[in-house]
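Peer 1: The structure that follows is given in the form of structure tokens.
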Amino acid sequence: MSEYTFQIWRGDSSSGEFVEYKTEVDDGMVVLDVLHRIQAQQAGDMALRWNCKAGKCGSCGMEVNGKPQLACMTRMNTYLEQDVITVQPLKTFPVIKDLVCDVSWNYDQNLKIKPFKPGTPDPDGRYRMSQEDVDRVQEFRKCIECYLCQDVCHVLRDHNRKDVFVGPRFMIRAAGLDMHPLDVEDRIPDIRDEFGSGYCNITRCCTDVCPENIIITDNAIIPLKERVADRYYDPIIWLSNKVSGLFQNASKS
Amino acid sequence: MDNTQIFTIAVVAIAVFTIGGGIALAISLYQAHRLIIETVSAPRSDIVQDHGGHVSGLGETMRVDKWWIEPLWTGFGFLCFVAYANWAGFQGEHYWHGSYLSPFYSPVLFVDLSRVGAAPLEHAWFGLWPDWIRQIWPPFFPTSPAWLILAGPLAFRLTCYYYRKFYYRSYFLSPPGCAVGAMPSNIVAGPTGTKQYKGETALFIFQNIHRYTWYLAVVYIVILSWDAFISLWEGGHVFSGRMGVGVGSIVLFLNPLLLATYTFGCHSCRHLVGGRKNSFSGKIGARIRFSLWKKVTWLNQRHMLFAWLSMIWVGFSDFYVRMCSMGIINDINTW
């Protein structure tokens, strides 16, 4: 058992400060365990959001020593006893109290995405997908909506462009739907104009912080950028579509 | 002063400049890093914080790890390559030795036979430097064929999704690191500017040409593979010269191989071979597409590694040919 020093942000949307706590840490503890101990022994009114303690609910996202991470998955043995460990709420979203943020802006972004729209079923009325087609979009379904990627994305975090960019979390949701083998909805105009695919500059911080190890940038955002390029920035594809459209019209007439 | 002395002085000057500059940069960043640590350890009332205690501004962070190492060394490493490539391109000579052609000079469009170590006339696609190019050529630039072709690979690298990550971080500080304050948009626009961050929707919208630069990069691989092939024939006389192999041939064979691992792991390539489709199942065409997509995905997952290996090897290939041409290295071969 060792004693560690924590500086935890205490406050609300109007004011606040870092408060220092010293507490004993047992072997095997994670940051969330320590916060619970501080809450139980020294700060009964400290607000923090948590639920599963297993890295699957995404509730306990916060910034520990400046890094966005899940408190329940951040082991204390990664810090030295002489370190001062700072714990803060997510920067990108407004603070409600202490370590709890208002993340409701994310729910509004989710509503912008057109829902799944299946195409024509097989002759027997059933839909079938092959495993290799499912595998690609399955990765995006692992998202636990902890919003660490939204927090670290500099477009939202530093530039506050919440007016034009939905953030990595909703780019992977759009990718999961757009790459779905049964889906027939056209989301490309929305991905460029409403979701702001061009605002991502590929610095990959979202991928770095994802606790589910989703390769957000390479498997979702870049493929979406390439699909947008197909539609809007590729004159060869544009020309071939025009020519094939002319042939189709001619054959119809 | 002979070429060897000029080259030695240039290498020493570049080494001093890059190492000295790198050490100065490292010290500066280390000091900045220490300052940040001290700021974090200091009482929190003396720094500007938002509601949550986060510090804001360029380079500001509560991180205490060495986040700055990666952008520093990638930025520094690329600068070294650019410095060497520019220097080598500027020489306009010593890019041919025996049957070896430096990749910085391939394809040789025009050749100036008055330069030492220039390629033979039969290896220039369009023969001697034409007079009309000489008339418009800047007088302070040597007639170097490298200037005519380096834009192709450079455009591919500059619009590459991996390179974008590192240079946005290292050079544009947008952001310099994850959860580290990015370059504010109003600094770019001027102190009174109200410019907002636009990412790749305005000036940087040109990044969408990456797929075209990829086509170009594939052409270069074919050309460099041919260069590797002709390196097996004494004097570069394919099928008529004596066949053999030298260390330079191995160097020149590895070059297009490494470039291929980088080029065929490109995100645009991954999109073109299959990523643009929603289904990989069905007819034989779809099965082939899926197989290709999986292979390209394997390379794509190692894109950063191959980007650096191929870039370093291109530079080394030029260095090796140059050293042989200048007589500093004696190429071991079977001829």
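Peer 1: Based on this model, can you work out whether B:Arg242 counts as open to solvent by 40 Å² or more (accessible area, probe 1.4 Å) and touching a strand residue (DSSP E or B) at 6+ places or on another chain (Cβ under 9 Å)? Even if it seems obvious, please write down each step before you answer.
Peer 2: On the way: open to solvent by 40 Å² or more (accessible area, probe 1.4 Å): yes; touching a strand residue (DSSP E or B) at 6+ places or on another chain (Cβ under 9 Å): yes.
For B:Arg242, the condition - open to solvent by 40 Å² or more (accessible area, probe 1.4 Å) and touching a strand residue (DSSP E or B) at 6+ places or on another chain (Cβ under 9 Å) - is met.
Peer 1: Only residues that are assigned to a loop (DSSP other than H, G, I, E, B) and touching a residue at least 40 places away in the same chain (Cβ under 8 Å): list them for segment A:136-159, please.
Peer 2: Once the filter is applied, which keeps residues that are assigned to a loop (DSSP other than H, G, I, E, B) and touching a residue at least 40 places away in the same chain (Cβ under 8 Å), segment A:136-159 yields A:Cys143, A:Ile144, A:Glu145, A:Cys146, A:Tyr147, A:Cys153.
Peer 1: Still on this model: Can you find a residue that is more than 14 Å from chain B (Cβ to nearest Cβ), touching a residue at least 60 places away in the same chain (Cβ under 8 Å), assigned to a loop (DSSP other than H, G, I, E, B) and not acidic (Asp, Glu) anywhere in segment A:38-47?
Peer 2: There is no residue in segment A:38-47 that is more than 14 Å from chain B (Cβ to nearest Cβ), touching a residue at least 60 places away in the same chain (Cβ under 8 Å), assigned to a loop (DSSP other than H, G, I, E, B) and not acidic (Asp, Glu).
Matching residues to (1) β-branched (Val, Ile, Thr); (2) facing chain B (nearest Cβ under 10 Å); (3) assigned to a loop (DSSP other than H, G, I, E, B); (4) surrounded by fewer than 22 Cβ atoms within 10 Å (Cβ to Cβ):
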{"residue": "A:Gly55", "(1), (2), (3), (4)": "no, no, yes, yes"}
{"residue": "A:Cys72", "(1), (2), (3), (4)": "no, no, no, no"}
{"residue": "A:Leu80", "(1), (2), (3), (4)": "no, no, yes, yes"}
{"residue": "A:Lys91", "(1), (2), (3), (4)": "no, yes, yes, no"}
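Peer 1: If you take the residues in segment B:293-303 that are buried (at least 17 other Cβ atoms within 10 Å of the Cβ) and of a type outside the set (Val, Ile, Thr), which one is nearest to A:Asp183 (Cα to Cα)?
Peer 2: Going through segment B:293-303, the residues buried (at least 17 other Cβ atoms within 10 Å of the Cβ) turn out to be B:293, B:296-297, B:299-300, B:303.
Next, only the ones that are of a type outside the set (Val, Ile, Thr) stay: B:293, B:299-300, B:303.
Working: B:Trp293: 21, B:Leu299: 28, B:Asn300: 26, B:His303: 30 Å.
Going through the qualifying residues, I end up with B:Trp293.
Peer 1: When you scan segment B:256-277, how many residues do you find that are open to solvent by less than 20 Å² (accessible area, probe 1.4 Å) and either in contact with a strand residue (DSSP E or B) (Cβ under 8 Å, 6 or more places away or on another chain) or free of Cβ contacts under 8 Å to residues at least 24 places away in the same chain (or both)?
Peer 2: Qualifying residue count, segment B:256-277: 2.
Peer 1: With the requirement that a residue be more than 10 Å from every other protein chain (Cβ to nearest Cβ) and within 21 Å of A:Lys142 (Cβ to Cβ), what does segment A:192-212 give you?
Peer 2: Of everything in segment A:192-212, those that are more than 10 Å from every other protein chain (Cβ to nearest Cβ) and within 21 Å of A:Lys142 (Cβ to Cβ) turn out to be A:Phe195, A:Cys210, A:Pro211, A:Glu212.
Peer 1: When you scan segment A:176-187, do you find a residue that is in a helix (DSSP H, G or I) and aliphatic (A, V, I, L, M), even just one?
Peer 2: Of segment A:176-187, the ones in a helix (DSSP H, G or I) are A:176-178.
If we keep only those that are aliphatic (A, V, I, L, M) too, we end up with A:177.
The answer is yes, given that some residue of segment A:176-187 is in a helix (DSSP H, G or I) and aliphatic (A, V, I, L, M).
Peer 1: Please work out which residue is surrounded by the fewest Cβ atoms within 10 Å (Cβ to Cβ), limiting yourself to segment A:119-135 and to residues that are closer than 14 Å to A:Val184 by Cα and free of Cβ contacts under 8 Å to residues at least 40 places away in the same chain.
Peer 2: It comes out as A:Thr120.
Peer 1: Something else now. Pairs, please: C-beta under 6 Å, at least 6 apart or cross-chain, first residue at negative phi and in segment B:290-304, second among the basic types (Lys, Arg) and in a helix (DSSP H, G or I)?
Peer 2: B:Val296/B:Arg270; B:Asn300/B:Arg270
Peer 1: Looking only at residues in segment A:229-253 that are more than 8 Å from every other protein chain (Cβ to nearest Cβ) and among the aliphatic types (A, V, I, L, M), which one is least open to solvent (accessible area, probe 1.4 Å)?
Peer 2: A:Ile237
Peer 1: Now for a different question. For the condition touching a Gly at 6+ places or on another chain (Cβ under 6 Å), more than 22 Å from A:Ala54 (Cα to Cα), among the aromatic types (Phe, Trp, Tyr) and not assigned by TED's automatic domain parsing to the domain that holds A:Asp26, what is the one hit in A:Phe116, A:Phe170, A:Phe165? Steps first, answer last, please.
Peer 2: Details: A:Phe116 fails: touching a Gly at 6+ places or on another chain (Cβ under 6 Å); A:Phe170 fails: touching a Gly at 6+ places or on another chain (Cβ under 6 Å).
Of A:Phe116, A:Phe170, A:Phe165, the one residue that is touching a Gly at 6+ places or on another chain (Cβ under 6 Å), more than 22 Å from A:Ala54 (Cα to Cα), among the aromatic types (Phe, Trp, Tyr) and not assigned by TED's automatic domain parsing to the domain that holds A:Asp26 is A:Phe165.
Peer 1: Can you find, within segment B:305-335, the residue that is most open to solvent (accessible area, probe 1.4 Å) among those that are free of Cβ contacts under 8 Å to residues at least 40 places away in the same chain, among the aliphatic types (A, V, I, L, M) and under 30 Å from B:Arg242 (Cα atoms)?
Peer 2: B:Ile329
Peer 1: Just one of B:Phe253, B:Phe280 is open to solvent by 40 Å² or more (accessible area, probe 1.4 Å) and of a type in the set (Phe, Trp, Tyr); which is it?
Peer 2: Working: B:Phe280 fails: open to solvent by 40 Å² or more (accessible area, probe 1.4 Å).
Being open to solvent by 40 Å² or more (accessible area, probe 1.4 Å) and of a type in the set (Phe, Trp, Tyr) holds for just one of B:Phe253, B:Phe280, which is B:Phe253.
Peer 1: Another question, then. Among (1) modelled with pLDDT of 95 or more; (2) in a helix (DSSP H, G or I); (3) not acidic (Asp, Glu), there is one condition B:Gly265 misses while meeting the rest; what is its number?
Peer 2: (2)
Peer 1: For A:Ile221, indicate whether it is in contact with a Pro (Cβ under 7 Å, 6 or more places away or on another chain) and either open to solvent by 20 Å² or more (accessible area, probe 1.4 Å) or outside any loop (DSSP other than H, G, I, E, B) (or both). Show your work before the answer.
Peer 2: Numbers: in contact with a Pro (Cβ under 7 Å, 6 or more places away or on another chain): yes; either open to solvent by 20 Å² or more (accessible area, probe 1.4 Å) or outside any loop (DSSP other than H, G, I, E, B) (or both): yes.
It is true that A:Ile221 is in contact with a Pro (Cβ under 7 Å, 6 or more places away or on another chain) and either open to solvent by 20 Å² or more (accessible area, probe 1.4 Å) or outside any loop (DSSP other than H, G, I, E, B) (or both).
Peer 1: Which one is nearest to B:Gly181 (Cα to Cα), of the residues in segment A:57-69 that are open to solvent by less than 20 Å² (accessible area, probe 1.4 Å) and assigned to a loop (DSSP other than H, G, I, E, B)?
Peer 2: Our first condition is that a residue be open to solvent by less than 20 Å² (accessible area, probe 1.4 Å); within segment A:57-69, this holds for A:58, A:60-66, A:68.
Remaining after also requiring assigned to a loop (DSSP other than H, G, I, E, B): A:58, A:60, A:65-66.
Numbers: A:Gly58: 25, A:Cys60: 23, A:Asn65: 15, A:Gly66: 11 Å.
Among those residues, the one meeting the criterion is A:Gly66.
Peer 1: Which of the following residues is part of a loop (DSSP other than H, G, I, E, B), away from chain A (no Cβ under 14 Å) and not β-branched (Val, Ile, Thr): B:Leu113, B:Leu148, B:Leu154? Give the derivation first.
Peer 2: Values: B:Leu148 fails: part of a loop (DSSP other than H, G, I, E, B); B:Leu154 fails: part of a loop (DSSP other than H, G, I, E, B).
Answer to the selection: B:Leu113.
Peer 1: Now for a different question. Here are some residues: A:Met73, A:Met46, A:Met29. Which one is of a type in the set (A, V, I, L, M) and under 13 Å from A:Cys210 (Cα atoms)? First the steps, then the outcome.
Peer 2: Values: A:Met46 fails: under 13 Å from A:Cys210 (Cα atoms); A:Met29 fails: under 13 Å from A:Cys210 (Cα atoms).
Residue meeting the stated conditions: A:Met73.
Peer 1: While we're on this one: Looking only at segment B:112-121, decide whether some residue is open to solvent by less than 20 Å² (accessible area, probe 1.4 Å), closer than 30 Å to A:Gly196 by Cα and among the charged types (D, E, K, R).
Peer 2: No, the conditions are met nowhere in segment B:112-121.
Peer 1: Which of the residues spanning segment B:55-108 are within 14 Å of another protein chain (Cβ to nearest Cβ), open to solvent by 20 Å² or more (accessible area, probe 1.4 Å) and more than 28 Å from B:Ala217 (Cβ to Cβ)?
Peer 2: Of everything in segment B:55-108, those that are within 14 Å of another protein chain (Cβ to nearest Cβ), open to solvent by 20 Å² or more (accessible area, probe 1.4 Å) and more than 28 Å from B:Ala217 (Cβ to Cβ) turn out to be B:Ser56, B:Gly57, B:Leu58, B:Glu60, B:Arg63, B:Val64, B:Asp65, B:Lys66, B:Trp67, B:Trp68.
The values are calculated or read from the model by the stated rules, or taken from the named source; none is laboratory data. Nothing here was measured: the structure is a model prediction, and the numbers come from that model. Neighbour counts run over all protein chains shown; Cβ positions are idealised from the backbone, glycine included. Please note that ligands, DNA and RNA were not included when accessible areas were found on the heavy atoms of the full protein model with its side chains. Shrake-Rupley method; radii C 1.70, N 1.55, O 1.52, S 1.80 Å.
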